[in-house]
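Colleague: Got a structure for you, questions after.
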Amino acid sequence: MMPKQSQKRKQRQHGLQCVSSSYFLLTIMIIMAFEIASSEKGKIEAFVVPKAATTMKVTTALFAKKKATKKKKSSSGAGSSLKGFGGGTATSSDESATGAAKIDKSAKALSFYNYIETNEQGGNNLKRVALATFPPANIRGLVALRDIKKGDAILDIPYELALDLGVENSDPTLPAVTLLQKYCTYLNSDGSTIDGPYMELLPEYKGRDSLTSTDFFSAEALEKLQHPLIVEETLNRREKTKQRYESDVMPNIQNFQWKDGSNSAAATLDHLQWAVWLITSRVLTVQTTDTKPANRLMIPLLDMCNHDRHSQHVLTGRAIPGARLKVLAGCNVKAGEQILISYGGGLEGNDRFIQDYGFLDVYGKDEGKVAFEFVGASLVGSSTGGFGKRPSAASAVGGRRMSKVDRERTLEALGRTSLEEDEEELKQLSEKEGESDNCDLMQVKEALEFRIGVKKALSILKQTT
């Protein structure tokens with residue numbers, strides 16, 4: 001995911017959602033199929049695998065015919081600029097082409113492939129997909145290594161390979177503590193923990209991926225959003241993170257030692273804030289049984305899929321021992337195409353994307369109109385979308401319905417500047433951005449892009465209502 005780029009929850013009785021667990025909005029569920037009894041843990045315990053996991057050679061189709069590999073023409077899916085798991089250019093010293101995508105064969109990627117192959121319990125995932133970067137912006141995601149028929153599994157991950165962060169609730173700071181402790185354990189083991197290869201590929205602390213989420217916005221960037229409810233929710237989450245750090249981390253600080261090279265020090269509030277962002281942007285809410293609450297999982301490979309609102313692929317599975325967590329092809333997939341899933345089941349607005357993931361959904365067939373329409377519809381009290389796509393699901397912020405007072409004060413904030421003034425400010429800022437790598441500038445630019453998109457959506461909605 002590039003700086004300005006990068007899912008929700010709610011299941012019925014059958015449903016692993018196709019989304020990362022954002023904690024404050026209406027969510028959607030996806031069809032599931034498993035009916036096995038549940039076994040729930042509050043904390044993750046590393047499962048045992050052979051020590052050979054760190055040394056074995058990958059023998060799947062990913063490398064099987066390396067010398068005979070032929071370059072293929074780029075397909076429509078391979079060059080997508082849609083966002084999600086992302087990361088910038090891969091630090092790969094050895095890449096091979098699959099269409100327009102470049103397979104990642106860096107040391108970190110090879111270690112991760114070994115980890116997957118050793119623990120996937122017959123999933124054969126690396127015969128179907130690999131990590132890759134996609135032009136033009138070198139977005140990291142998953143590429144199909146071969147043709148996959150509609151209905152077949154694209155990904156097939158055993159539940160035991162996922163990080164189970166406990167029962168779902170509205171507070172992302174609680175699982176963030178568990179994740180931060182696991183990550184500190186990984187750092188202090190010099191990468192030798194069982195799940196080390198997966199931890200190694202998580203977005204880096206204070207990396208550009210995270211800094212475009214409002215959780216990390218400067219005061220200036222928050223003000224530029226012209227959306228008081230987003231600002232309030234952001235500040236509320238920061239305060240909850242601070243309270244969680246004081247209550248859960250500080251009293252057990254010996255278990256939260258952050259090692260950076262040869263230096264080791266106590267993990268800070270900023271480290272926990274980074275872990276909270278990992279939860280909101282990567283965790284999937286997965287049903288256990290029909291009678292018990294869903295659990296929060298981080299699922300290797302699956303959480304590396306980027307976003308496309310129009311993706312037809314379906315996520316299935318249960319958060320119980322012995323179950324399989326799958327992505328089933330909703331359409332035929334050709335070798336070289338990027339594997340994309342729909343964050344939030346296609347019902348997320350850009351108010352959630354900018355908060356929970358750190359990107360704006362501005363690509364795809366509708367060029368982001370629907371993602372801004374959801375935000376606009378919530379401000380005019382519309383129950384249906386003005387672009388004729390589907391009902392709006394974004395009339396709530398922070399888990400509550402938007403009241404008339406909230407709508408009025410948000411519209412008042414947006415009215416402080418005109419669309420033309422905003423576009424001129426963005427133009428000037430874009431020129432400065434080309435001359436600087438300033439993070440604050442990047443955040444302000446994204447805030448301007450957000451409010452411009454909302455104002456355009458409002459303009460269209462007023463014409464159609």
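The values are calculated or read from the model by the stated rules, or taken from the named source; none is laboratory data. Quick caveat: nothing in here was measured; it's all calculated off a predicted structure. In this analysis, Cβ positions are derived from the backbone assuming ideal geometry, glycine residues included, and neighbour counts consider all displayed protein chains. Keep in mind that these areas ignore ligands, DNA and RNA; they rest on the heavy atoms of the full protein, side chains included. Shrake-Rupley method; radii C 1.70, N 1.55, O 1.52, S 1.80 Å.
Colleague: Examine the range 174-189 for a residue that is in a loop (DSSP other than H, G, I, E, B) and either open to solvent by 40 Å² or more (accessible area, probe 1.4 Å) or among the hydroxyl-bearing types (Ser, Thr, Tyr) (or both), and state whether such a residue exists.
Modeller: yes
Colleague: I would also like to ask the following. Restricting the range 252-266 to residues that are at pLDDT 95 or above and of a type outside the set (Gly, Ala, Ser), which is least open to solvent (accessible area, probe 1.4 Å)?
Modeller: Narrowing the range 252-266 to residues at pLDDT 95 or above: 252-258, 265-266.
Of the ones still in play, those that are also of a type outside the set (Gly, Ala, Ser) are 252-258.
Values: Asn252: 62, Ile253: 50, Gln254: 118, Asn255: 69, Phe256: 4, Gln257: 54, Trp258: 32 Å².
Looking at the filtered set, the residue picked out is Phe256.
Per-residue answers, yes or no, for (1) of a type in the set (Gly, Ala, Ser); (2) under 16 Å from the mean Cα position of the chain (by Cα):
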{"site": "Ser189", "(1), (2)": "yes, no"}
{"site": "Ile194", "(1), (2)": "no, no"}
{"site": "Tyr198", "(1), (2)": "no, yes"}
{"site": "Leu202", "(1), (2)": "no, yes"}
{"site": "Asp209", "(1), (2)": "no, yes"}
{"site": "Ser213", "(1), (2)": "yes, yes"}
{"site": "Ala219", "(1), (2)": "yes, no"}
{"site": "Leu225", "(1), (2)": "no, no"}
{"site": "Val231", "(1), (2)": "no, no"}
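Colleague: For residues that are open to solvent by less than 10 Å² (accessible area, probe 1.4 Å) and within 19 Å of the chain's Cα centre (by Cα), tally how many sit in the range 267-280. Give the steps one after another, and end with the answer.
Modeller: Initial filter on the range 267-280 (open to solvent by less than 10 Å² (accessible area, probe 1.4 Å)): 267, 272, 274-280.
Keeping just the survivors that are within 19 Å of the chain's Cα centre (by Cα) gives 272, 274-280.
Within the range 267-280, residues that are open to solvent by less than 10 Å² (accessible area, probe 1.4 Å) and within 19 Å of the chain's Cα centre (by Cα) number 8.
Colleague: Go through the range 352-395 and give me each residue that's at pLDDT 90 or above and at positive phi.
Modeller: Gly358
Colleague: Ala144: under 18 Å from the mean Cα position of the chain (by Cα) and among the aliphatic types (A, V, I, L, M), yes or no? It would help to see each step written out before you state the result.
Modeller: Values: under 18 Å from the mean Cα position of the chain (by Cα): no; among the aliphatic types (A, V, I, L, M): yes.
For Ala144, the condition - under 18 Å from the mean Cα position of the chain (by Cα) and among the aliphatic types (A, V, I, L, M) - is not met.
Colleague: Only one of Ser311, Ser281 is assigned by the TED database to the domain that holds Phe216, closer than 27 Å to Ser213 by Cα and either in a loop (DSSP other than H, G, I, E, B) or of a type outside the set (Lys, Arg) (or both). Can you tell me which?
Modeller: Ser281
Colleague: Now for a separate question. Yes or no: the range 331-343 includes at least one residue that is within 28 Å of Phe217 (Cβ to Cβ), buried (at least 18 other Cβ atoms within 10 Å of the Cβ) and either of a type in the set (A, V, I, L, M) or modelled with pLDDT of 95 or more (or both).
Modeller: So far as the range 331-343 goes, yes, one or more of its residues are within 28 Å of Phe217 (Cβ to Cβ), buried (at least 18 other Cβ atoms within 10 Å of the Cβ) and either of a type in the set (A, V, I, L, M) or modelled with pLDDT of 95 or more (or both).
Colleague: Somewhere in the range 196-204, is a residue outside any helix (DSSP H, G or I) and open to solvent by 50 Å² or more (accessible area, probe 1.4 Å)?
Modeller: Within the range 196-204, the subset outside any helix (DSSP H, G or I) is 201-204.
So of that shortlist, the ones also open to solvent by 50 Å² or more (accessible area, probe 1.4 Å) come out as 204.
Checked against the condition, which is being outside any helix (DSSP H, G or I) and open to solvent by 50 Å² or more (accessible area, probe 1.4 Å), the range 196-204 yields at least one hit.
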